[in-house]
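The values are calculated or read from the model by the stated rules, or taken from the named source; none is laboratory data. Computed from a prediction, not measured in an experiment: that's the story for all the values here. Every residue, glycine as well, gets a Cβ built from its backbone with ideal geometry; the counts of neighbours run over all protein chains shown. Protein only, heavy atoms only, side chains kept; ligands, DNA and RNA dropped before computing areas. Shrake-Rupley method; radii C 1.70, N 1.55, O 1.52, S 1.80 Å.
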Amino acid sequence: MHTRRIGDVEVSAIGLGAMPMSIEGRPDEARSLATIHAALDAGVTLIDTADAYHRDAHEVGHNETLIAKALASHDRGKDVLVATKGGHLRPGDGSWTLDGSPRYLKEACEGSLRRLGVEAIGLYQFHRPDPRVPYAESVGAIRDLLDEGKIRMAGISNADPQQIRQAQEILGGRLVSVQNQFSPAFRSSEPELELCDELGIAFLPWSPLGGISRAGELGSAYAPFARVAEAHGVSPQRVCLAWMLAKSPVVVPIPGASRPETILDSLAAVDLELGSEELAQLDAV
């Protein structure tokens with residue numbers, strides 16, 4: 001497995017996005033555990049989660065609990081950087097709400113610590129800006145958690161360039177990651193990716209294949225990805241991840257998966273080398 005860096009930690013160049021294993025349409029626990037274990041067997045050392053990755057109101061942190069169980073039952077579990085997030089909520093009716101208040105973020109971190117069964121969270125990220133709370137106050141809470149040793153590294157998610165620079169200042173230069181949506185269908189985070197490249201901050205694309213419901217349609221929706229995939233005898237999804245990896249050494253995609261075969265196909269992208277002309281065709285989409 002090829003590696004990249006988040007802060008001072010070396011991680012697999014592609015991580016596992018665990019959200020599909022806990023929200024609507026999720027598989028049974030046995031398949032989820034098999035998926036996580038397959039990823040670990042293949043060399044994955046980064047798993048992305050959040051306390052809001054659950055389906056019903058009474059099961060906050062379902063995904064974190066699942067990951068903790070999977071890691072505890074695998075001999076490579078201790079080698080994994082778990083990246084979790086706080087500030088997003090799911091009332092249980094399918095909707096998503098926000099709470100970026102410092103009080104809530106600190107409470108949410110305590111809950112994540114308990115569910116993950118750790119003394120300090122490897123990477124904790126502010127999930128999404130809350131328009132009701134000044135951004136500086138929310139990131140200030142993340143800074144406090146970092147100073148208190150509750151988290152080892154700090155990141156932000158769904159941020160724009162101004163917020164990235166502001167967070168970097170508030171955290172005293174200790175911002176290690178930005179997790180934004182980025183895929184062939186969602187290219188508007190290019191400025192954030194370029195800024196992360198400039199600052200040496202890890203950029204973690206979420207929904208890199210277009211999302212749970214659309215990942216299988218990537219090749220039919222974007223012909224250049226299908227053509228390059230056919231030329232290499234691989235899936236369009238694998239081509240997509242290889243394209244992202246080629247954009248910058250700070251990019252660490254976290255494709256979601258709920259089947260062993262899906263994450264294994266995604267991980268094979270680290271060995272797919274695309275030519276400059278192919279990359280240009282994909283960039284032009």
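May I ask for the net charge around LEU274, where only other residues with Cβ less than 15 Å from the Cβ of LEU274 are counted and Lys, Arg are +1 while Asp, Glu are -1?
-3
On the accessible surface of the chain, probed at 1.4 Å, how many percent belong to carbon and sulfur atoms?
49 percent
Please compute the per residue accessible area over the chain with all protein chains in place, 1.4 Å probe, rounded to a whole number of Å².
Heavy-atom SASA per residue in the chain reads 42 Å².
If packing is taken as the average number of other Cβ atoms within 10 Å across a peptide's residues, how do 252-265, 211-224 rank, most packed first?
252-265, 211-224
Helix 29-41 versus the longest principal axis of the chain: what angle, 0 to 90°, nearest 10, using Cα atoms?
Compared with the principal axis, the helix lies near 70 degrees.
May I ask you to evaluate 6.51 cos²θ - 1.76 cosθ + 1.60, the Karplus curve with θ = phi - 60°, for each residue of region 42-54 and list the ³J(HN,Hα) values in order in whole Hz, giving x for glycine and proline?
Using θ = phi - 60°, the values come out as 7, x, 5, 10, 9, 10, 9, 8, 6, 5, 7, 7, 7 Hz.
Which Rg and Dmax, in Å, describe the Cα atoms of the chain?
Looking at the chain, its Cα Rg and Dmax stand at 17.8, 53 Å.
If Lys and Arg each add +1 and Asp and Glu each add -1, what is the summed charge of the other residues whose beta carbon sits under 15 Å from the beta carbon of PRO102?
Summing Lys/Arg as +1 and Asp/Glu as -1 gives -3.
Only Cα pairs within less than 10 Å get springs; with that Gaussian network setup on the chain, which residue of GLN125, GLN179, GLN168 has the largest fluctuation?
For the chain, modelled as a Gaussian network with Cα springs under 10 Å, the answer is GLN168.
Based on the Kirkwood radius over alpha-carbon pairs, what value in µm²/s does the Stokes-Einstein equation return for the translational diffusion coefficient of region 218-285 at 10 °C and 1.306 mPa s?
131 µm²/s
If you average the sequence gap of Cα pairs under 8 Å that are 6 or more apart and divide by the length of the chain, what percent do you get for the contact order?
Dividing the mean separation by the residue count of the chain yields 19 percent.
Given that compact globular proteins tend to follow 2.2 N^0.38 Å, what is the ratio of the alpha-carbon Rg of region 133-189 to that value?
1.19
From the protein chains alone at 1.4 Å, what is the descending order of accessible area for MET19, MET244, MET1, largest first?
Sorted descending by solvent-accessible area, the residues read MET1, MET19, MET244.
Tell me, rounded to the nearest percent, the portion of alpha carbon pairs in region 44-187 spaced more than 22 Å apart.
Roughly 37 percent, rounded to a whole number.
Note down the accessible area of CYS196, probe 1.4 Å, to the nearest 10 Å².
CYS196 exposes around 0 Å² with every protein chain in place.
What GluC sites (Glu not before Pro) does region 130-186 have in DSSP loop regions with at most 14 other beta carbons within 10 Å?
GLU148
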